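Q: My questions all concern the structure below.
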Amino acid sequence: MAAHSGYKPNFTFRFLPQRAFQSLTSPETVQRLRKWSMQGRICAQAFGFDENFQSYYKDDFLMAFFRDPNVISDLKLLSDSSGRWINLGTEVKKVEAINIPCTQISMSFFDRLYSEEIVRESGHIVKCLDNFCDPFLVSDELRKVLLMEDSEKYEIFSQLDRQEFLFCIFKHLCLGGLLCQYEDILDPYLETTKAIYKDLVSVIKDPQTKTIRVTSIVFKVTAYDPGKDFIISDVFMGTEECLAWSWEDLRVQILHQIVSL
């Protein structure tokens, strides 16, 4: 139906507690998240809806989500004051959103870490002299590439690369939480990133060209309460089935992500 026809779907949402997220509950992932000081700081939830979504309905879709009674009562947020999971508990006054690229279909996206000698052929991450990039201590070439814009190899990932949803997950896992114990080799970061990404986005194969592409549409959202203070910053929200993925970076800010499967 044409966007100018005046028709607007009445989006309603239902909580899907039965939706499992194996990428976050496997013993190996739990062990890694605990080591990275992230266990108990990530919560994934699913919300379903039946209405047809089109990109020009983005603003209505997002506002309807945060004002839906089922979302208000069931969406979990990590409180920055208490450090505990709480319900959204209130309608939002305003939602701002921008599109986030979600196009990557292969972990070869990170092969440049090897070719640019950020990581050795053995998989070990190359160490460097300690630098401080508030609030992070940077002691290896991987974190230099992720954080330090003036580093020699920062540009091996373009600004568009860094906006990719796959990169956002990878970076967050690499930086970890307040008491993070960093890995000496790259594989645990790549394996966990791949598992989570596959759990959160959908792909299809074109029957004629046989090419695979991501069908998930992702938005970066900031939601404001009636007092005009932000309730949630850096929300990634998608279409189809809505998956609410919330995390906290204890050293930077609270991040809440909602993506599609």
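The values are calculated or read from the model by the stated rules, or taken from the named source; none is laboratory data. This one's a predicted model, so the numbers in the text were calculated from it and none came from an experiment. Positions of Cβ are backbone-derived with ideal geometry, glycine not excepted, and every protein chain shown enters the neighbour counts. For accessibility, only protein heavy atoms count, side chains too; no ligands or nucleic acids. Shrake-Rupley method; radii C 1.70, N 1.55, O 1.52, S 1.80 Å.
Q: I'd like to check something: does the range 85-98 contain any residue that is without any contact (Cβ under 8 Å) to a residue 24 or more places away in the chain and touching a strand residue (DSSP E or B) at 6+ places or on another chain (Cβ under 8 Å)?
A: There is at least one residue in the range 85-98 that is without any contact (Cβ under 8 Å) to a residue 24 or more places away in the chain and touching a strand residue (DSSP E or B) at 6+ places or on another chain (Cβ under 8 Å).
Q: Then there's this: So which residues in the range 178-226 are over 16 Å from Arg32 (Cα atoms), in contact with a helix residue (DSSP H, G or I) (Cβ under 9 Å, 6 or more places away or on another chain) and among the small types (Gly, Ala, Ser), if there are any at all?
A: Within the range 178-226, Ser216, Ala223 qualify.
Q: Residues Ala46, Ala20: which one is more than 30 Å from Glu183 (Cα to Cα), aliphatic (A, V, I, L, M) and at pLDDT below 90?
A: Matching residue, one of Ala46, Ala20: Ala46.
Q: Could you pull out the residue among Asp80, Asp130 that is surrounded by fewer than 17 Cβ atoms within 10 Å (Cβ to Cβ) and either assigned to a helix (DSSP H, G or I) or in contact (Cβ under 8 Å) with a residue 24 or more places away in the chain (or both)?
A: Testing whether each residue is surrounded by fewer than 17 Cβ atoms within 10 Å (Cβ to Cβ) and either assigned to a helix (DSSP H, G or I) or in contact (Cβ under 8 Å) with a residue 24 or more places away in the chain (or both) leaves just Asp80.
Q: Filter the range 133-142 down to residues that are surrounded by 17 or more Cβ atoms within 10 Å (Cβ to Cβ) and charged (D, E, K, R) and give me whichever is farthest from Leu179 (Cα to Cα).
A: Only one residue fits best here, namely Glu141.
Q: Do you know which residues across the range 86-127 are on the phi > 0 side of the Ramachandran plot, within 24 Å of the chain's Cα centre (by Cα) and either of a type in the set (Asp, Glu) or surrounded by 15 or more Cβ atoms within 10 Å (Cβ to Cβ) (or both)?
A: Across the range 86-127, there are no qualifying residues.
Q: Anything in the range 143-182 that is more than 16 Å from Gln104 (Cβ to Cβ), open to solvent by less than 20 Å² (accessible area, probe 1.4 Å) and among the charged types (D, E, K, R)? List them, or say none.
A: Arg143
Q: Can I ask one more? Just wondering, is there one or more residues in the range 94-110 that are in a strand (DSSP E or B) and of a type in the set (S, T, N, Q)?
A: Yes: one or more hits.
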